[in-house]
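The values are calculated or read from the model by the stated rules, or taken from the named source; none is laboratory data. Bear in mind the structure is a predicted one, so any value in this text is a computation, not a measurement. Glycine also receives a Cβ, built like all others from the backbone with ideal geometry; neighbour counts cover every protein chain displayed.
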Amino acid sequence: MARAPLLQLTDISLTFGGNPVFDGLSLTVQQSDRVALVGRNGSGKSTLMKVMAGLVEPDRGEVVMSAGSHVGYMEQDPDLSGFATLGDFARDGLAEAEGYRVEMAAEGLKFDPDRPVATASGGERRRAALARLLAQAPELMLLDEPTNHLDIEAIGWLEDHLNQTRAAYVIISHDRAFLRRLTRATLWIDRGEVRRQEKGFEAFEDWREATWAAEDDARHKLDRKIKAEARWAVEGISARRKRNQGRVRALAALRAERSSQIRRQGAAAMALESGPQSGKRVIEAKEIAKAFGDRIILKPFDLRVNRGDRVAFVGPNGAGKTTLIKMLTGEIAPDQGSVTLGTNLEIAVFDQARAALNPDQTLWDALTGDPDMRVSGRADQVMVRGQPKHVVGYLKDFLFDEAQARAPVRSLSGGEKARLLLARLMAKPSNLLVMDEPTNDLDVETLDLLQDLLGEYDGTVLLVSHDRDFIDRVADTTVAMEGDGRAVVYAGGWSDYRAQRGQDAPVAVAAPVAQKADPVAEKPKAGKSGLSFTEKHRLEQLPAVIARLEAEIAKLGEFLSAPDLYATAPQKFDKATSALAERQAALDAAEEEWLVLEEKAAG
């Protein structure tokens with residue numbers, strides 16, 4: 001007997017500011033669904049998620065949640081007013097005996113539950129909101145950009161947790177690697193229409209291109225038919241009048257159909273132009289080190305950056321990536337050692353904190369005001385790489401409409417603020433780009449364009465990012481901040497760094513949150529073994545993980561043993577071979593982790 005869907009939306013229509021966001025939208029989310037929700041910035045992804053969560057009331061239609069189930073929603077800007085600490089917020093609504101779930105999530109997501117809300121950063125607040133959602137263990141989780149403000153290790157922990165949960169979830173994310181690993185279906189919002197494909201994000205881009213190609217073909221055929229009928233209307237209307245009037249009405253219907261079609265939003269017309277060529281040697285750092293009080297940020301470190309290099313900086317939040325870049329660009333001085341900058345450098349900076357944007361200014365003023373944002377812009381033109389361009393025209397290049405030009409920056413979404421920063425950065429020539437988390441909130445299409453621009457850019461790029469896929473696509477060198485002030489240089493991007501680290505690469509510890517049906521005991525205390533609560537829980541879980549991986553390996557081995565598989569289905573053979581290698585590596589890592597924890601427990 002088929003199970004009822006967890007969530008069902010029927011004939012949903014919603015209008016904002018006179019513009020329809022959705023019209024006649026219907027969709028279902030089934031139990032155990034793992035869904036990627038994708039679409040361009042501004043297409044309505046977050047709005048749809050709020051409708052699903054019951055936070056936005058549609059103008060028409062019905063939203064039905066399965067009886068006895070509940071939905072949990074993690075918003076991008078959580079409201080923590082009324083709570084003293086992050087832990088108080090995250091534990092709100094939980095039974096006292098369930099508080100351990102928040103501690104487990106806090107350890108994996110790396111925030112301090114005792115941190116006062118008043119002093120917590122935006123990233124810490126978001127991590128607390130995510131911990132709250134995971135601890136509540138709803139039957140359906142709605143996650144809006146959950147990886148923003150998470151470092152790579154915490155992203156790995158979250159991936160492992162979501163892989164092991166029995167709950168259904170819908171995810172909005174710019175992180176391709178995250179979506180590829182976790183999703184088995186895709187909801188695509190395009191011009192108010194929501195399409196569903198029963199394949200994960202891995203297949204999305206091929207599906208999108210095939211859909212658009214079919215759409216272009218149908219539009220081309222319609223245009224040819226309209227052209228032919230229009231020619232007949234001019235040249236052949238002298239025949240029988242009754243039949244002619246029917247064809248005239250048919251031509252009018254064809255034109256109405258054509259005019260009702262909504263054009264796809266184009267890609268942002270972004271462009272990067274290098275300034276005067278810098279010297280061949282851009283940065284030479286020798287034996288630089290930095291500490292703040294007793295905390296060592298960087299031990300003596302050498303780095304040479306040549307013109308055209310793309311250097312990515314990776315490591316946990318707080319490891320010192322931004323501090324290192326500021327030393328390399330001369331913004332702050334090292335405690336010891338020296339940094340020599342090359343000649344003719346023109347530096348442009350993309351700041352992850354969006355500090356360069358004044359929320360009270362309009363988009364117009366943000367482009368034409370003075371660089372320190374102290375006064376409003378009075379011009380109607382902006383200098384774009386030495387050439388004047390009208391402000392509205394330049395904003396349109398970055399997918400803003402004319403009505404937004406006089407809107408305040410605070411009204412923009414996260415993705416729109418990122419595009420506005422890119423517009424400011426790309427307006428001036430540069431030969432050294434410093435990009436601190438540029439991928440946050442950008443949609444897949446804009447990320448593709450940004451990646452292509454960086455690939456063609458003649459200058460040098462210093463990149464801080466937790467987006468593994470983006471690092472792989474852009475970087476030719478990776479500097480890993482490995483803790484205790486150690487920074488190590490590796491050739492290549494993220495995958496190359498991991499391969500070179502081998503078994504020493506950091507492996508995120510998965511600590512799944514207990515399901516609601518599980519018996520909840522009082523939180524165990526760490527014993528003399530020295531294991532933390534999460535480590536004890538992980539040690540208990542590992543035998544089942546190892547058994548599952550062994551079973552999957554055996555099944556894949558049996559599948560690959562078919563003698564004619566490679567000849568008849570080479571793609572399936574390649575996919576199964578990759579899956580077998582992946583699971584074997586995971587099994588090796590799990591067994592090694594079990595041994596380490598067992599030794600620690602025995603000691």
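Inside the range 453-465, can you point out the residues that are over 18 Å from the mean Cα position of the chain (by Cα) and either under 22 Å from Arg208 (Cα atoms) or not in a strand (DSSP E or B) (or both)? The answer is Leu453, Leu454, Gly455, Glu456, Tyr457, Asp458, Gly459. Close contacts from the range 463-489, counting a first residue that is closer than 24 Å to Ala348 by Cα and a second that is among the polar types (S, T, N, Q) and assigned to a loop (DSSP other than H, G, I, E, B), with Cβ to Cβ under 8 Å and a gap of 6+ residues or different chains, come to Val464/Gln352; Ser465/Thr439; His466/Thr147; Asp467/Thr439; Phe470/Thr439; Ile471/Ser465.
Asp564 meets the conditions (1) at pLDDT below 75; (2) under 28 Å from Leu597 (Cα atoms); (3) among the acidic types (Asp, Glu) in every case but one. The failed one is (2). Residue count for the range 424-439 satisfying the condition of being of a type in the set (A, V, I, L, M, F, W, C), in contact with an Asp or Glu (Cβ under 8 Å, 6 or more places away or on another chain) and surrounded by fewer than 22 Cβ atoms within 10 Å (Cβ to Cβ): 0.
Checking each residue in the range 563-596 for being among the hydrophobic types (A, V, I, L, M, F, W, C) and loosely packed, with under 14 Cβ neighbours inside 10 Å picks out Ala567, Ala569, Ala581, Ala585, Leu595, Val596.
Only residues that are in contact with a helix residue (DSSP H, G or I) (Cβ under 9 Å, 6 or more places away or on another chain) and outside any strand (DSSP E or B) were counted in the range 379-398, giving 10. Among the criteria (1) touching a residue at least 24 places away in the same chain (Cβ under 8 Å); (2) outside any strand (DSSP E or B); (3) not hydrophobic (A, V, I, L, M, F, W, C), the one Gln8 does not fulfil is (2). Starting from residues that are in a loop (DSSP other than H, G, I, E, B) and of a type in the set (Ser, Thr, Tyr), keep the ones in the range 305-360 and report whichever is farthest from Thr477 (Cα to Cα). Within the range 305-360, the match that is farthest from Thr477 (Cα to Cα) is Thr343. Counting residues in the range 169-184 that are surrounded by fewer than 20 Cβ atoms within 10 Å (Cβ to Cβ), closer than 25 Å to Asn41 by Cα, modelled with pLDDT of 90 or more and out of contact with any helix residue (DSSP H, G or I) (no Cβ under 8 Å at 6 or more places or on another chain) gives one or more. If I ask for residues that are assigned to a helix (DSSP H, G or I) and under 18 Å from the mean Cα position of the chain (by Cα), which ones from the range 421-451 would you list? Within the range 421-451, Leu421, Leu422, Val444, Glu445, Thr446, Leu447, Asp448, Leu449, Leu450, Gln451 qualify.
Matching residues to (1) over 22 Å from Val434 (Cα atoms); (2) at pLDDT below 80:
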| residue | (1), (2) |
| --- | --- |
| Leu363 | yes, no |
| Leu367 | no, no |
| Met373 | no, yes |
| Ala379 | yes, yes |
| Val384 | no, yes |
| Lys389 | yes, no |
| Val392 | yes, no |
| Phe398 | no, no |
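The rows are residues; the columns are (1) loosely packed, with under 14 Cβ neighbours inside 10 Å; (2) under 21 Å from Ala4 (Cβ atoms).
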{"site": "Thr15", "(1), (2)": "yes, no"}
{"site": "Leu25", "(1), (2)": "no, yes"}
{"site": "Thr28", "(1), (2)": "no, yes"}
{"site": "Arg40", "(1), (2)": "no, no"}
{"site": "Gly44", "(1), (2)": "no, no"}
{"site": "Asp77", "(1), (2)": "yes, no"}
{"site": "Asp92", "(1), (2)": "no, no"}
{"site": "Val102", "(1), (2)": "no, no"}
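The residues listed here are Asp79, Asp112, Asp144; of these, the one that is more than 23 Å from Val35 (Cα to Cα), of a type in the set (Asp, Glu) and modelled with pLDDT of 90 or more is Asp112.
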